[in-house]
Amino acid sequence: MQDGGRTAPAGPRPDRSAPPRRPRSPQWAAWAFLTPVTLYLGLFYAYPLYRNLDLSLRHYTVRSFVQGDAPFAGLDNYRTVFDDPTFGPALTHTVVFTAVCLFFQYALGLALAVFFNQNFRLSATLRALFLVPWLLPLIVSASTWSWMLNSDSGVVNAVLHAVGIAPVNWLTSPSWSLASVIIANVWIGIPFNLVVLYSGLQSIPASLHEAAALDGAGAWRRFWHITFPLLRPVSAVTLLLGLVYTLKVFDIIWIMTKGGPADSSTTFATWSYRLGFGNLLPAFGPGAAVGNLLVAAAVVFGLLYLRVQRKQALS
Amino acid sequence: MNRPTGRRLTAAALTVVALAATTTACSSGGNSSAKGGSGTFTVWDPYPQFTAGSAWAKLLDGCGTEAGVKIKRTAFDTSDLANKALLAAQQNNSPDVLIVDNPVVSTLAEAGVLTTTADNKLDTSKADPNLLAAGQAGGKTYGTPIGANTLALYYNKAVLKKAGVDISSVKDWKSLTAALAKAKAAGKKGITFSAIGTEEGSFQFLPWFWGAGANLTELDSAQGVSALSLWKDWLGSGYAPNSVLNNTQTTSWQEFATGDYAFAENGTWQLANAEKAGFDYGVLPIPGATGGTAAAPTGGEFVTVPVQGDTGRYATSRKLVSCLTSTQNLLETDTTLSYVAPTAAVQDKQVASDAKLKPWVEAVKAAKGRTSDDLGTKYPKISEQMWKAVQSALSGAASPKSALASAQAAVK
């Protein structure tokens, strides 16, 4: 653009100080630039959200879904969902799943980030290898986990057997299924935490560590009193992003256990899917209601994230 | 900085116009792709395994040529098809011919998506009544079966020989359980099936449920509890692996194909794989609790004609369906799909060309549609509660009795 302007002999010379030739044009340009984004946001964000809200407030049957004449039902679908015997367990599982996953992903990610921050030989290669879980399609990693954790032919039980421990029904026992999907999800989530925290660590000046070391602080003390406090802003962002991601995890659980057995690994995400699509006769209303509860939870944490970010920007 | 604004403005305006044009082009293209011109008829089927050059695709094209129209075929994964059909109907965009899994027919009929045979004048008189029943609700028929499959027990002859089991002694649940015990004692494994928490799990449990004499309208009857207790005891005694809880019918077949299992509950569609398994196998209809053959659920698809705005299209759609379900074409299609044909004439031809199909034809004749008995759209709810109860009982979360009792309470 600029080059073209300079070389074109017939064109008027650009002049910084000259007043705008057409005063209204920037306004128009602004609107023109805004239109695609608005269209995009409207089509792909606002409308689906509105539809989901609408779905959850109407009494849909397959017939009224097709004919489009579903009667308005107010909060009936939400009442159905709250009264459902699955609600309690699904809520507990969602909270436990999210909390435990976040804790381990963060702790292990931080440990690995500190480890790789030492910059030993091959550390870059090793770090790249740790990214593999992130790069794999979820269907591949979840299927592999479900194969490894198979009660009868899984490699995990084979190893347990070799060291003399009785086999565990990882995916098919109500007391283990939630633990199994948590393990798989932690494994998948570590790379994200590792990468973000590693870059956070690099921004901490080495001189601080050196000074502390000279003052006689051990490695442990240096970590808790220098690294960890200075990493706080990065940690907050990592945890909040991780929370929003983990809250809506669906594919891993669905592929590994389908939320079963007996709802023992059902979270809001899998429950919503099962209501809407898991059965030959879909229950769109309650399914959408559960989906909206998830959206609401994510929005709350999203706002929290924005607030934290603003605080960081101010400080 | 000011001058380029004009140019940028033009560029932006052009982009917007172009975008708008593309969007409208897309949406109008979307409409015509499913509706087609008067000369193009759309067919949706659940056979993504058949690619453009396959015999099935050629058969569709051939039937189109015969009816004087062009065929636009789209293949979906079978679990997607019901939702896709509902969405298409909501947008007035239904295909002309829809081939769909039989338990879905009553749901689509309930939604008002499908025409009845009274509207589309399809001739369904040749189809076996027990198969056709899955596509009937409230005295109306909503399509015609293209082929049927069902479940039976495959057995591994070498394993049974090693265990000292005479297959002719397996006549009821007691003798079957005794055979499983012998297989286990001989260091082999008993039986594998699929008890996964989806429709597949209900499909596999039904022969035992019906074989006990239970009825889908009363899940927690004593007979129903006895069927679930049978499975539970097999798992408890180690006759069946714990992995059945997560097995699809495909993974269950893979377990059987290792050659370690004496029995496997699986369907007609595995016949081709059974030939490749590398060991001698036999097929036994699933026994009832006290003998006889248990009714197994029918699988397989129905050819249906969805409702169109332009009712003039039905005449050509009818020609297409009649062509697809003509005796010669049924024989070819059902052979490729490894299905049993829905009409007696074609079944005889199938048995004549392959004697191994005989037990399957018999099993299909004894089989029962899941949505039959006028259950219709009540079935999906019952089925979901049933597979949940199976999962609860087998995983040890509840006893068979209380699992089925809460299932029945949830159906209401």
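Ordering B:Gly62, A:Ile183, B:Leu98 by Cα displacement along the dipole of the protein assembly as shown toward the positive end leaves A:Ile183 in first place; charges were set at the Cβ atoms of Lys, Arg (+1) and Asp, Glu (-1). Shown in residue order for segment A:103-120 are the 3J(HN,Hα) couplings computed by the Karplus curve 6.51 cos²θ - 1.76 cosθ + 1.60 at θ = phi - 60°: 4, 6, 4, 5, 4, 5, x, 5, 4, 5, 4, 4, 4, 6, 5, 6, 6, 7 Hz (x for Gly and Pro). Near B:Gly190, the amide H atoms lying under 5 Å from its own belong to B:Ala262; only residues 5 or more places off or on other chains count, and H is placed 1.01 Å from N. Gain on full extension, evaluated as 0.36 nm per residue between A:Ser175 and A:Gln312 minus their Cα-Cα distance, stands at 45.2 nm.
In this simple spin-label approximation, A:Ala73 and B:Asp61 carry label points 7 Å from Cα along the Cα→Cβ vector, and these lie 4.7 nm apart. Neighbour counts of C-beta atoms inside 10 Å place A:His209, A:His161 in the sequence A:His161, A:His209, starting with the fewest. Summary of the geometry: segment B:345-412 and segment B:261-277, compared by the centres of their Cα atoms, lie 19 Å apart. Dipole check for the protein assembly as shown: with +1 at the C-beta of Lys and Arg, -1 at the C-beta of Asp and Glu, and the Cα centre as origin, the magnitude is about 2380 Debye. With contacts taken as Cα pairs under 8 Å at a separation of at least 6 residues, chain A carries a relative contact order of 25 percent. Count Lys and Arg as plus one, Asp and Glu as minus one, and take only other residues whose Cβ is under 13 Å from that of B:Ala181; the net charge is then +4.
With a cut-off of 14 Å between beta carbons, the residues surrounding A:Leu197 carry a summed charge of +2, where Lys and Arg count +1 and Asp and Glu -1. Projection of the Cα convex hull of segment A:159-290, averaged over all directions and equal to a quarter of that hull's surface, yields 12.3 nm². In chain A, excluding the sites themselves, the longest stretch lacking any of the trypsin sites (Lys or Arg not before Pro) that are in a DSSP loop with at most 15 other Cβ atoms within 10 Å is A:122-315.
Close amide-amide hydrogen proximity is noted between B:Ala294 and B:Ile286, B:Gly288, each under 5 Å apart and 5 or more residues distant or on a separate chain (H modeled in the peptide plane; Pro and chain starts excluded). The HN-Hα couplings worked out from phi for segment B:307-322 by the Karplus form 6.51 cos²θ - 1.76 cosθ + 1.60 (θ = phi - 60°) are 5, 10, x, 9, 5, x, 6, 4, 4, 6, 4, 4, 4, 4, 5, 4 Hz, whole numbers, x standing for Gly and Pro. The fewest-to-most ranking of B:Ser322, B:Ser372, A:Ser177 by surrounding Cβ atoms within 10 Å reads B:Ser322, B:Ser372, A:Ser177.
DSSP finds beta bridges in the protein assembly as shown, and of those with both partners inside it, around 65 percent are antiparallel.
In order along segment A:172-188, the Karplus-derived 3J(HN,Hα) couplings, from 6.51 cos²θ - 1.76 cosθ + 1.60 at θ = phi - 60°, round to 10, 10, x, 8, 10, 4, 5, 4, 5, 5, 5, 4, 4, 6, 4, 4, 6 Hz, and Gly and Pro are given as x.
Peptide A:279-292 shows a mean partner chain C-beta count of 4 within 10 Å per residue C-beta.
Where both bridge residues fall in chain B, DSSP classifies roughly 65% of the beta bridges as antiparallel. Normalised by 2.2 N^0.38 Å, with N the number of residues, the alpha-carbon radius of gyration of segment A:87-265 equals 1.20. Projecting label points 7 angstrom from Cα along Cα→Cβ for A:Asp83 and A:Glu210 puts them 7.1 nm apart. Cross-link pairs exceeding 30 Å in C-alpha to C-alpha distance, out of B:Lys157/B:Lys388; B:Lys162/B:Lys356; A:Lys258/B:Lys126; A:Lys248/A:Lys311; A:Lys258/B:Lys72; B:Lys162/B:Lys276, comprise B:Lys157/B:Lys388; A:Lys258/B:Lys126; A:Lys258/B:Lys72. Rounded to whole Å, the principal axis extents of the Cα atoms in chain B read 89, 60, 45, largest first. Of B:Lys174/B:Lys378; B:Lys58/B:Lys140; B:Lys184/B:Lys368; B:Lys58/B:Lys349; B:Lys189/B:Lys401; B:Lys182/B:Lys365, which sit over 25 Å apart, Cα to Cα? As for pairs spanning more than 25 Å Cα to Cα, those are B:Lys174/B:Lys378; B:Lys58/B:Lys140; B:Lys184/B:Lys368; B:Lys189/B:Lys401; B:Lys182/B:Lys365. Counting, for every residue in A:251-259, the Cβ atoms of other protein chains within 10 Å of its Cβ and taking the mean gives 2. Among A:Thr125, A:Thr257, A:Thr238, the residue with the largest mean-square fluctuation in a Gaussian network model of chain A, with springs joining Cα atoms closer than 10 Å, is A:Thr125.
Bear in mind these aren't lab numbers, they're just calculated from the coordinates by the rules spelled out. As the structure is a computational prediction, the values presented were derived from the model and not from experiment. As a convention, Cβ positions derive from the backbone with ideal geometry for all residues, glycine included, and neighbour counts pool all protein chains shown.
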